[in-house]
Amino acid sequence: MRGAKALLALIFFFISYHTQAGIIRGKVTNEKKEALPFASVFIKGTTNGTTTNSAGQFHLDVPSGTYILVCQYMGYKKEEKQVTVTEAEQEISFILAPLSLQIKEVVVKSGGEDPAYAIIRQAIKKRSFYLDQVKEYTCNDYIKGIFKMRDMPNSFLGQKIDKGDVEDMGLDSNKRGVLFLSESVTKVAVKRPDDVKIEVLSARQSGGGFGFSFPAFIDFYENNVTAMISQFNKRGFISPIAENALFYYKYRLEGVFQDDGKTVNKIKVIPRRKYEPLFSGYIFITNDDWRIHSIDMMVTQEYQLEIMDTLHITQIHVPVNADVWRTKDQVINVTIKQFGFNVVGSFVNVYSNYNVTPNFQKKYFDRTIMRYDTAFDRKQLTYWDSVRPVPLEPEEVSDFHKKDSMARARKDSAQSIWRLDTLKARQKPINPLKLFYSMGGVEHKYYFKRDTGIYYHTLEMKSLLTQVEYNTVEGISVNLEPQLTLDLPRKQELRIIPRVRYGFSNTHLNAYTYLAWEKEAKLAGRYGQNTWTIGGGKRISQFNRDNPIAPIANIFYTLLFKDNYMKLYENWFGELRFRRRFESSATITAGISYEDRIPVENTTDYSFRKDSGKHFLPNHPYELAAIPFNRNQALVLNVSFSFQPGQRFIELPDRKVAIGSKYPVFRVGYSKGIPDIAGSDANFDKWNFEVRDNVNLKLFGEFQYRFGAGGFLNSQHVDIPDFQHFNGNQTFYNIKYLNSFQLAPYYRYSNTASLYGTANVEHHFNGLLTNKIPFFNRLKWNLVAGSNAFYVNRDNNYVEVFAGLENILKVIRVDVIAGYQSKDDTRIGVRVGFGGLFGGLVRPQQDEAVQ
């Protein structure tokens, strides 16, 4: 009986709890009845509240009782209203009056200093105190993110954007609409200086997906402010109250106003120079305690913002207790106008329920910085309506409804058939002519249906225009490089990669095929990816398997200058390789390969250059002329392991995803030449080790390095393809920056020594120095400098230093290099490659399966 009474009491408690809560709705406008978007509405004495949407509307769920409701908007006088909450829904609106700013009774004489400077100096003195005042805290964060397309071109990178593509993006016939929309509720735990844990309690994205759930921590008490993600500017931006802010900013006191008995100073922040990573706008500082009251800051491309055109940040800070203030609302607005696309977006963060004394248990923080609740994406609409502090706008309601309905329809069997037919109908037939002239080649998708949805196989073919080569061994060669990717059940993929190559001068046909099977698989309860690769046939290869000489550069030098740098051999081969990528991003690779190696000779001496005094060199590397290369066989076992300690993770309901670490990446490898099996002549043991990292030094740029060591433990029989080769470069073109020596000959330093060491270092200034040079600062061409070196012994060593410019047209890099070897004159050269904001995206990438 007691148990029944207790159960009834518990039921009545929950019923009374919910019935004693009420909803307050309203609108915030100014005296002209204009809506005030993203105004903050909260219960006085707490950080619990809401934010208005772009129409100035808000709603707030509040337990029954009597409260003081506060409405605050930057540039307007704060208003308070007492409200008694009952079960009945009620409407309360706010009409805010503009702030009546008063100028302090300070006269700025000719040549004198604006009173803003004294205030800023006080704020700078208090900056570190407020930065470290709260050592740890928790809070809740509601995040809503949206990107909208306002205009777009008819084609991009030579590819037409057709009607079907526009519809798939969710845009209307005018190419306008919502591209991305998500909302999430997270619980945030922070312990300074570096510990963060985020629990995603709920998240939804229109049309399905994880949405955007990572809070944008923008802290203006930091000297260097990271605005959203570092890709927008790797140097970060200098805070208006940074230690050295007075060197970068000018200030002007716009006026003062009273807020809850505190005097608040509105100070205009003015960059002293363009092309520095600086904000402009307003910072509001309270008198006496000199803390940030609110922020209204903007960054543009004139101040080293990349990708975006403008980034606008507003923050409102409110008291958590008598001594501590924290960010209550934060709104980030962005505009992007690039390549004919016009995109606007906003991210709203509403923070609440701060606890500045959480007393975390030992080991509360681990390497998982974000964890998704197992039911994060299963919340009903009633749940979202009850927790959402920012009302959705009609456009957002429509987008959620439309795209969620489409997602459900895709899962429905009957609708899936309709969509399958639609996708097939949209698929354009392969244009045979594109096989010859299209730079991007051709691609065709073969759609099909499974119980879990619609999938597709993909057939790709590179253009023959890009696959015609010329060298002195084959003459003109034509390559066919198709690839068929099959989407298999249970997250498996099979890639079939045939290669056919014909040389018209030596009349040799080489053909081989690789099969690569990828599958997600658990190991010790953790997800990872297994890849099995098998291949075989006949091919032509460079002696250095890193392929230091790009075909396009070899064509250029062979035809124009009679320099046949590319040295080749043919081989019948078979290979089996296994690769496991672990959840931590660590990778282990093991494989065995067999080659029957056949020397080949030059068969043509054609060149545009008709200088009879210059002749092509033999195909055998001239630097290794004393080392014969005869037909031989090699059975080689290869094992390697790479890992990055300190890896951090995002934990999804069924797996973890590695997102990086502050520590370097380490790699160790071992190769064993196995003699006397299948006629193998190889007999060697070869090892190598390397460590590499990119270190972001913020304002001072980014430092990248790669250090390596290795050698032969046993070198009883080593043929030229198995030597230790260093990636030299004798052409104008380079793309292997941290894995090459830009002026070194290709094979002069090849060796079978027991020990060698390498060092490649680069510093990318990312606008430092060049932002002070007229013309360069407008172009955003950035300085890069560094050195490459290796040492084998006193007679075999090399060092070079270089300096250059990158980010030319966002993709090009040009270096000037001086190379030194103890027995040679110093070499001076120029190299051109890809580097800068998008440089890494356009560098040719070789498929791992065929390497």
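Each value in this text was obtained by applying a stated rule to the coordinates, not by laboratory testing. Please read all numbers here as calculations on a predicted model, not as lab measurements. Don't worry about glycine lacking a Cβ; one is built from the backbone with ideal geometry, like all the others, and counts go over all protein chains shown.
Brief remarks on what is shown
- Amide H to amide H, with H built 1.01 Å from N, Glu254 comes under 5 Å of Lys266, Ile267, Lys268, counting only residues 5 or more places away or on other chains.
- The angle between the Cα long axis of helix 413-426 and the longest principal axis of the Cα atoms of the chain comes to about 60 degrees, rounded to the nearest 10.
- Pairwise Cα inverse-distance average, inverted: Kirkwood Rh of the stretch 406-537 (Å): 17.7
- As a ratio to 2.2 N^0.38 Å, the alpha-carbon radius of gyration computed for the stretch 467-850 takes the value 1.05.
- Pairs over the 19 Å Cα-Cα cut-off, from the set Lys148/Lys175; Lys33/Lys78; Lys562/Lys823; Lys27/Lys78; Lys191/Lys662: Lys562/Lys823.
- Pairs of Cα atoms farther than 22 Å apart, the stretch 343-483, %: 70
- Evaluating 6.51 cos²θ - 1.76 cosθ + 1.60 at θ = phi - 60° for every residue in the stretch 484-489, the Karplus couplings come out as 10, 10, 9, 8, 9, x Hz, glycine and proline recorded as x.
- Residues Ile677, Ile267, Ile295, sorted so that the one with the fewest Cβ neighbours within 10 Å comes first: Ile677, Ile295, Ile267
- Using θ = phi - 60° in the Karplus curve 6.51 cos²θ - 1.76 cosθ + 1.60, the 3J(HN,Hα) couplings for the stretch 776-789 round to 5, 5, 6, 6, 6, 7, 10, 7, 9, 8, x, 8, 10, 7 Hz; x is entered for Gly and Pro.
- Cα long-axis angle, helix 394-411 against the chain (0 to 90 degrees, to the nearest 10): 50
- Per-selection Kirkwood Rh - the stretch 156-197 (Cα, Å, 1 d.p.): 14.1
- Local electrostatic count, Asp151, Cβ distance below 10 Å [Lys/Arg +1, Asp/Glu -1]: +4
- With R₀ set to 56 Å, the beta-carbon distance separating Ile592 from Gln82 gives a calculated FRET efficiency near 0.10.
- Applying the criteria of a DSSP loop state and at most 10 other Cβ atoms within 10 Å to the chymotrypsin sites (Phe, Trp or Tyr not before Pro) of the stretch 719-825 yields Phe775.
- Over the C-alpha atoms of the stretch 725-851, the Rg to Rh ratio, Rh being the Kirkwood estimate, stands at 1.02.
- Between helix 2-19 and the chain there is an angle of about 90 degrees, using the helix long axis and the longest principal axis of the Cα atoms.
- In sequence order, calculated HN-Hα J values of the stretch 472-483 (Karplus, 6.51, -1.76, 1.60; Hz; x Gly/Pro): 6, 7, 9, x, 6, 10, 10, 10, 10, 10, x, 8
- Net charge of Cβ neighbours under 14 Å - reference Leu560; Lys, Arg +1; Asp, Glu -1: +2
- Net charge in the neighbourhood of Lys614 (other residues with Cβ under 15 Å of its Cβ; Lys, Arg +1, Asp, Glu -1) is 0.
- The stretch 53-157 - convex hull of alpha carbons, volume per residue in Å³: 337
- Virtual spin-label span in nm between Thr66 and Asn714, 7 Å along Cα→Cβ: 9.1
- Extension gain (nm, one decimal) between Arg450 and Asp385, 0.36 nm per residue minus Cα-Cα: 19.9 nm
- Debye, to nearest 20: dipole size of the stretch 119-406, +1 on Lys, Arg Cβ, -1 on Asp, Glu Cβ: 760
- q = 0.08, 0.09 Å⁻¹: log10 I(q)/I(0) that the Debye formula gives for the chain, counting C-alpha atoms only: -0.91, -1.10
- The stretch 119-406: C-alpha gyration tensor shape, a/c 1.5 cut-off, then a/b vs b/c: oblate
- With R₀ fixed at 30 Å, the C-beta to C-beta distance from His312 to Asp195 puts the FRET efficiency at about 0.50.
- Scanning the chain for GluC sites (Glu not before Pro) lying in DSSP loops with no more than 12 further Cβ atoms inside 10 Å, the longest uninterrupted stretch between such sites is 114-600.
- Close amide-amide hydrogen proximity is noted between Gly22 and Val62, Ser64, each under 5 Å apart and 5 or more residues distant or on a separate chain (H modeled in the peptide plane; Pro and chain starts excluded).
- From the alpha carbon centroid of the stretch 177-204 to that of the stretch 491-512 is 48 Å.
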